[in-house]
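See structure below.
The values are calculated or read from the model by the stated rules, or taken from the named source; none is laboratory data. Predicted, not measured: the structure shown is a model, and the values here were computed from it. All Cβ positions, glycine included, derive from the backbone under ideal geometry; neighbour counts span all protein chains shown.
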Amino acid sequence: MATLPSGNRDSFSSKFGVIAAAAGSAVGLGNIWRFPLVTTQNGGGAFLLLYVGFIIFIGIPVMLSEFSIGRRAQLNAFGSFKKLAPKTPWYLVGSLGIITAFAILSFYSAVAGWTLEYLVQSLTGKLLHTDDLVKNFSDFSSNPYRPVVWQLVIMTITGLVVYGGIKKGIEKFTKILMPVLAILIAFVVIRSVTLPGAMKGVRYLFIPDWSVVNFKTVLMALGQAAFSLSVGMGTLITYGSYIQKDNHLLKTASQVAFTDTFIAILASLMVIPAIFAFSVGSIDQMSPGPGLVFEVLPLVFKAMPGGVVFAVIFFFLLCVAALTSTISVLEVVVAYLKEELGFSRGKATLIASVSISVLGVLATLSFGVLSGFHIIGKTIFGLLDFASANIMLTFGALLIVVFVGWKLKKENFLDEISNGAKLKSSLYRVVFFIIKYIAPVAIGIIAVAALFIKGIT
Ligand code: PHE
């Protein structure tokens, strides 16, 4: 199939821009509030080795599948499937991606909003003067107004960046903020690992303990790798459609995966040694997510000399990590509304942001006034989180690799990633083999297991 020229379609202007945007999507709350604890609790270095193996052998091929679909079709996630597989039901995979984006953003923006509240609480000094941090979090998250306001602030910032377009919005924003994020994390890492007693945490993090590794741990490593790379819902198809035709896609995917993994490891070095240094509790009893960042880490900041500064930096960087992910998810929906339904970028951004916010507010309120409202035993937030992160993303990733391996076919895939045979690498065939045979089996196993085993993805 002939590839269309980029024409007047907006696109990333530089290689660094592509990496900043895609790594911005990948580096998110998952890297900071989940990866460090999940790694430490599940065999440290052993989990890390499994994780890195999955990133290289499954994550990069899936990411490359998404980039190649998007860049070949030069369209949004839905339109790409319609164009590359006309008159077949494959466009439904695109529809699934759009729905997943909608669902993920509605709860992810709630959580991103919480980071703003904690930034403000750190700045005003309230956080470090609170004795009961558990109550502080439950009072805040169940409040009917404050979390809603913060969520709307996050959606507004996200909307404004996306409204700016690819070059002038997303690329500009992520090109500035991703380096800032990396520097701030490195700064906190230096403080954390030089605390007295920190080395115990470093050892716990890196020394492999294979005795705790079982089937579930292996699935968790793969699930975390997939979520962390933002694959499975068309974010990278959409971004792929803005990548220029001469970009070396395999190199780009590898650089993005490397950055994401590097930041996850840095985030672990920021969080774990500090927890050990101040002995704020037993690591095995801590739960990843809000409990870690809003209840445990403030104890660390309270105990640390100059803790206010580190608290402010930490919540700021958490918020930046979340925002560079939320913009990538909103762009999935906006590109769809723009290209498939003919709205201008402005209208598409407004419609997408407002409708996602409506669902998002319901998710936020499920910690307070709507906490008694359950659907299949879950609150609205719980259901959106479970359905999108555990089920829709994994099935999405599965269908995407099956599409590339079995429908798009080898010649088209190789043509796309080699830029029309201009680039040569013996790895291309290996990657295609993984996409066709290995990735579907591996992802298929987690997709089924995620339905039954809690805590995998
Ligand atoms: N990768 C992001 C994180 O680690 C989450 C995400 C998933 C963002 C899917 C976009 C799409 O937090």
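Annotations for the structure displayed:
- Take the conditions (1) away from the ligand (no atom under 16 Å from the Cβ); (2) part of a helix (DSSP H, G or I); (3) farther than 21 Å from Ser14 by Cα; Pro208 misses just one of them, which is (2).
- Scanning the stretch 415-431 for residues that are assigned to a helix (DSSP H, G or I) and either modelled with pLDDT under 95 or surrounded by fewer than 16 Cβ atoms within 10 Å (Cβ to Cβ) (or both) gives Leu427, Arg429, Val430.
- Taking each residue of the stretch 421-446 that is closer than 25 Å to Gln224 by Cα and looking for partners that are of a type in the set (A, V, I, L, M, F, W, C) and not in a helix (DSSP H, G or I) with beta-carbon atoms closer than 8 Å, six or more apart or interchain, yields Ile446/Ile456.
- Enumeration of residues in the stretch 354-380 that are part of a helix (DSSP H, G or I) and either more than 18 Å from Gly113 (Cα to Cα) or away from the ligand (no atom under 16 Å from the Cβ) (or both): Val354, Ser355, Ser357, Val358, Leu359, Val361, Leu362, Thr364, Leu365, Ile380
- Being free of Cβ contacts under 8 Å to residues at least 40 places away in the same chain and either assigned to a loop (DSSP other than H, G, I, E, B) or under 20 Å from Leu236 (Cβ atoms) (or both) is a description that applies to Ala348.
- Residue within the stretch 34-45 that is under 27 Å from Leu399 (Cβ atoms), β-branched (Val, Ile, Thr) and crowded, with 24+ Cβ neighbours inside 10 Å present: no
Okay, residues lined up against (1) within 14 Å of Met233 (Cα to Cα); (2) touching a Phe, Trp or Tyr at 6+ places or on another chain (Cβ under 8 Å):
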| position | (1), (2) |
| --- | --- |
| Leu75 | no, no |
| Gly79 | yes, yes |
| Tyr91 | yes, yes |
| Ala110 | no, yes |
| Thr115 | no, yes |
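- Filtered by the rule that a residue be over 30 Å from Ile275 (Cα atoms) and among the hydroxyl-bearing types (Ser, Thr, Tyr), the stretch 202-251 gives Thr235, Thr238, Tyr239, Ser241, Tyr242.
- The single condition from (1) crowded, with 20+ Cβ neighbours inside 10 Å; (2) within 16 Å of the ligand (Cβ to nearest atom) that Ala182 fails is (1).
- For Phe386, the test of being over 19 Å from Phe81 (Cβ atoms) and touching a Lys or Arg at 6+ places or on another chain (Cβ under 9 Å) is passed.
- Members of the stretch 122-140 that are in a helix (DSSP H, G or I) and of a type outside the set (D, E, K, R): Ser122, Leu123, Thr124, Leu127, Leu128, His129, Leu133, Val134, Asn136, Phe137, Ser138, Phe140
- Elements of type helices (runs of 4 or more DSSP H) contained in the stretch 1-110, each with 2 or more residues being among the small types (Gly, Ala, Ser), in contact (Cβ under 8 Å) with a residue 40 or more places away in the chain and more than 12 Å from the ligand (Cβ to nearest atom): 15-26, 45-54, 60-73, 77-84
- Qualifying residue in the stretch 310-318 (condition: surrounded by fewer than 24 Cβ atoms within 10 Å (Cβ to Cβ) and closer than 30 Å to Met233 by Cα): yes
- Some residue of the stretch 241-259 being crowded, with 21+ Cβ neighbours inside 10 Å, in contact with a Leu (Cβ under 9 Å, 6 or more places away or on another chain), at positive phi and among the polar types (S, T, N, Q): no
- Selection of first residues in the stretch 228-254 that are in contact (Cβ under 8 Å) with a residue 24 or more places away in the chain and within 15 Å of Leu96 (Cβ to Cβ) and of second residues that are more than 11 Å from the ligand (Cβ to nearest atom) and part of a loop (DSSP other than H, G, I, E, B), restricted to Cβ pairs under 6 Å at least 6 apart or on distinct chains, gives the following pairs, ordered by first then second residue: Thr238/Asn76.
- If you check Ala85, Ala103 for being out of contact with any Phe, Trp or Tyr (no Cβ under 6 Å at 6 or more places or on another chain) and crowded, with 22+ Cβ neighbours inside 10 Å, only one passes: Ala103.
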